[in-house]
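S.K.: Dumping the structure here so I can ask a few things about it.
A short reminder: the numbers here are calculations on the coordinates, not readings from a lab. On a predicted model such as this, the values are computed, not experimentally measured, just so you know. Note that we place each Cβ from the backbone using ideal geometry, even for glycine, and neighbour counts take in every protein chain shown.
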Amino acid sequence: MDLAQGFTDNLLLGLSVAVSWNNLVYCFVGVFLGTLVGVLPGLGALTAIALLLPITYHLDPTSAIVMLAGVFYGSSYGGSTAAILLNLPGTPNNAVSCLDGYPMSRQGRAGVALLMTTVASFVGGSVGILLMMFFSPLIVAFALDFGATEYFAMMLLGLVAAATISSGSPIKGVAMVVLGVLLGLVGADQQTGQMRFTFGVFGLYDGINLIAVALGLFGLSEVIASAGAVRGGEIDRRAITFRSMVPTRDDLSRSRLPLLRGSAVGSFFGTLPGAGGTISSFMAYALEKRVSREPERFGKGAIEGIMAPEAANNAADQTAFIPTLTLGIPGNIVTALLIGALMIHGIVPGPLLMTDRPDLFWGLVMSFWVGNILLVLLNIPLIGLWIRVLAVPYHLLYPAILMFVCIGVYSINNNYFDVLVAIAFGVVGYGMRLLDFHPAPLLLGLVLGPLMEQNLRRGLTIARGDFMVFLERPITAAFLAVTALLLLWAVWSALRSARSPR
Amino acid sequence: MPRGDRRDILGGLILVAIGLFAGIHASSSYNVGTPSRMGPGMFPMVLGYLLAGLGLLVLAPAFLRSGALPRPRWGPFAAVILATLAFALSVNHLGMVPAIALLTLIAAPADARLDFRRALILAAALSLFATAVFHFGLGVQLAPLKWPF
């Protein structure tokens, strides 16, 4: 069968790319750093990726993405360590694992928890990768017929979905997307060369730097919010021996179904823009509690309570790449940054990516396998290393974070102006936290805004100025209809909030 | 009688202000064109007014609720912002090491556990690390030390 032959050809191509020495090293570096930032509360995958982006300019794009992706899904492996041992999640994805993971460690079962969450992460990740391998070619085949109006409507839907589905007031989320798109327009207009919103400031002629915004909005504002604040519980100093990690038969039998359910939940929610590991893990936990015959076990060290969420968030991490790589729609900030990284290398993400650069696409997919295997090796035998890392107190960590942000942003253009931009967005980011606006939709808008305008203009030019084209083309109309429904829901939700506090 | 959700009132007002500014600036300074032949000003103008409209949607319901203004942590805020500003403004004139020292020492007061002595040691350690990794290792164009005179 020609289709199957093509599929195995792609897999072999991907495998050969993924296990080349170069990419193996970068994959390892990526997942190692990912586990490191995952373990450390206060430093997340996002900051690490934003800091590594300028370094990847000199790398081959495949190696760059392999490494950055490794940081991303690696952090979910490491984040469970802090959640279990310190009752403090290393990343927001792992917040739910505190609920049953920490009680388990108080019962002296930390070793089992650590081992089983790694297993859960691997299973979840594997399910996500398999789905990615099988569904991506189908989606790409469908999307190859897309024209400019389809791209515009799809990006619009992606942004509005991300704004409304993720937590917080939907209308505020949409406002943040609009603000992000506006900020993305700062600089020279691609079509006419007109300088927009630059007010004579030379540093803005090339637009607002994505990394400076990301690091300021997330990194700096996080430090402002956390410096000097109280931290979580103490680590049990007793060494975690390998023998203590062995799970009981009861543990194993209780874990089987939660693993599958968690992987399914995570795989589904991971593909939705705006939903990701965090929502997936919450949903998986809630589902387990709902279907359990002994819901009172939850919160007191039930192994199902960590298996399902951990499988879910790792599955979500992998499936988040499906819309990113097949359609060019980022589902969360990290994939938005990765799209930004690809664009800098001159690669336009979208349905053509798979056909233009099959080595990059399939190399990345196969590197996910390599990465997940490496992560199991990193997280079980090397667990002692991570426990020692956890002992670093935050008051020594946050100046280091500030230093990384400053030097990282400076090194993009050897220009201190970018650092000023990061600081400005640090202020904005902190203000947004206080006023309950979420920064993720803003960043998504910043990345996609200029592309949206381009496609809108192109679509209208091709249609010779006829707006009806948006309703006549069925796929475009479908995307726009769903967008309209989401917007209506956002408005209704805003008006309803007048009655009671959100 | 609810006294208004002060936090969302402020948030809404800010959105309206930014939106109006963007919309008015775009329509007056750039060529807007027509919907079928969009000029550089059309997209930003529409977005600006849209943002202002969304701001109103945040603002209006807020009057019918109660809520307090959030309290910023001015101490850590000032420490972090001033520290990073110090870095940005000094790194070109004094080099990376003094900039890091300034950064660490100014950021230290944000956390009571970081007293002056510890901050000094941390600054030294970070400078060493940064010079080794960024200057020698990655080749970042940042001189460790510059003599300004």
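S.K.: Report the gain in length on full extension from A:V246 to A:M468: 0.36 nm times residue separation, minus Cα-Cα distance, nm rounded to one decimal.
M.R.: Values: separation 222, 0.36 × 222 = 79.92 nm, distance 6.42 nm.
Using 0.36 nm per residue and subtracting the Cα-Cα distance, I get 73.5 nm.
S.K.: What number, in percent, do you get for the relative contact order of segment A:317-437 if the mean sequence gap of Cα pairs under 8 Å and at least 6 apart is divided by its residue count? Write out the running numbers ahead of the final one.
M.R.: Details: 55 pairs, mean separation 15.3, N = 121.
After rounding, I find 13 percent.
S.K.: Continuing with the same structure: With each label point set 7 Å from Cα along the Cα-Cβ vector, what nm distance links A:N22 and A:I380?
M.R.: 3.3
S.K.: Cα convex hull of segment A:73-139: how many Å³ per residue?
M.R.: On the way: hull volume 5.0 nm³, N = 67.
In segment A:73-139, the Cα hull volume divided by residue count equals 75 Å³.
S.K.: Something else now. So for B:F134, A:F72, fewest C-beta neighbours within 10 Å to most, what's the order? Don't jump to the answer; show the numbers that get you there.
M.R.: Values: B:F134 21, A:F72 29.
Listed from fewest to most nearby Cβ atoms, that is B:F134, A:F72.
S.K.: Any idea what the relative contact order of segment A:119-210 is, in percent, if you count C-alpha pairs under 8 Å spaced at least 6 apart? Let's see the in-between values first.
M.R.: Numbers: 48 pairs, mean separation 13.2, N = 92.
Computed value for segment A:119-210: 14 percent relative contact order.
S.K.: Here's a follow-up. For a test of the definition: using alpha carbon positions, the gyration tensor, and the 1.5 limit on a/c, classify chain B as rounded, prolate or oblate. Write down the numbers at each step before the final one.
M.R.: Details: a/c = 4.18, a/b = 1.63, b/c = 2.56.
Here chain B falls in the oblate category.
S.K.: Now for a different question. What does the charge count around B:P40 come to, taking other residues whose C-beta lies under 12 Å from its C-beta (Lys +1, Arg +1, Asp -1, Glu -1)? Walk me through the numbers before you get to the answer.
M.R.: Details: positive: A:R196, A:R457, B:R37; negative: A:D189, A:E453.
Around B:P40, the surrounding residues sum to +1.
S.K.: Let me ask something else. Give me the net charge for the shell around A:G14: Cβ to Cβ below 12 angstrom, other residues only, Lys and Arg +1, Asp and Glu -1. It would help to have the intermediate numbers written out before the result.
M.R.: Numbers: positive: A:R357; negative: A:D9, A:D359.
Cβ neighbours under 12 Å give a net charge of -1.
S.K.: Among A:D250, B:D8, which comes first, then next, by fewest other beta-carbon atoms within 10 Å? Don't skip to the end; give the middle numbers.
M.R.: Numbers: A:D250 9, B:D8 25.
Going from least to most buried by this count: A:D250, B:D8.
S.K.: Also, quick follow-up: Normalising by the residue count of chain A, find the relative contact order in percent from Cα pairs under 8 Å and 6+ residues apart.
M.R.: Working: 917 pairs, mean separation 140.7, N = 502.
Taking the mean separation of contacting Cα pairs over the length of chain A, I get 28 percent.
S.K.: Here's a follow-up. Rounded to whole Å, give me the distance from the Cα center of segment A:4-75 to that of segment A:341-382.
M.R.: One Cα centre to the other: 6 Å.
S.K.: Among A:M132, A:M155, what is the fewest-to-most ranking by other Cβ atoms within 10 Å?
M.R.: Ascending Cβ contact count within 10 Å gives the list A:M132, A:M155.
S.K.: Continuing with this model, one more query. When the expected Rg is taken as 2.2 N^0.38 Å, what fraction or multiple of it is the alpha-carbon Rg of the protein assembly as shown? Intermediate values should be presented prior to the final figure.
M.R.: On the way: Rg = 24.6 Å, N = 651, 2.2 N^0.38 = 25.8 Å.
Ratio of Cα Rg to 2.2 N^0.38 Å: 0.95.
S.K.: Going by the alpha-carbon gyration tensor, a ≥ b ≥ c the square roots of its eigenvalues, is segment A:46-196 rounded (a/c under 1.5) or, if a/c is not under 1.5, prolate (a/b greater than b/c) versus oblate? Provide the component values of the computation, followed by the final result.
M.R.: Numbers: a/c = 1.99, a/b = 1.78, b/c = 1.11.
Prolate, because a/c is 1.5 or more and a/b exceeds b/c.
S.K.: Net charge within 15 Å of A:A316 by Cβ-Cβ distance, Lys/Arg positive one each and Asp/Glu negative one each, not counting A:A316 itself? Don't skip to the end; give the middle numbers.
M.R.: Numbers: positive: A:R261; negative: A:E310, A:D317.
That sum, taken over residues with Cβ under 15 Å, equals -1.
S.K.: Right, here's the next one. Can you list the lysines whose alpha carbon is less than 21 Å from that of A:K289, not counting same-chain residues fewer than 8 positions off?
M.R.: Hits, sequence-local ones excluded: A:K300.
S.K.: Roughly what angle does helix A:170-184 make with the longest principal axis of chain A, taking Cα atoms, 0 to 90 degrees, to the nearest 10?
M.R.: It is inclined by approximately 60 degrees.
S.K.: Counting helices only, and only those DSSP H runs with n ≥ 4, report the 222 nm mean residue ellipticity of the protein assembly as shown as the sum of -39,500 (n - 2.57) divided by its residues, in deg cm²/dmol to the nearest 500. Let's see the in-between values first.
M.R.: Details: 28 runs with 452 residues, N = 651.
Here the helix-only value at 222 nm equals -23000 deg cm²/dmol.
S.K.: Now for a separate question. For helix A:2-18, what angle does its Cα long axis make with the longest principal axis of chain A, in degrees from 0 to 90 and rounded to 10?
M.R.: 70
S.K.: What is the distance in Å between the Cα centres of segment B:45-110 and segment A:112-157?
M.R.: Centre-to-centre (Cα) distance: 35 Å.
S.K.: A follow-up question, please. Bin width 5 Å, origin at 0, all Cα-Cα pairs of segment B:73-149: what percent of pairs per bin?
M.R.: 3, 18, 22, 24, 17, 10, 4, 1
S.K.: Rounding to the nearest 10 and keeping the result within 0 to 90°, find how far the Cα-based axis of helix A:110-143 lies from the longest principal axis of chain A.
M.R.: Around 30 degrees separate the two axes.
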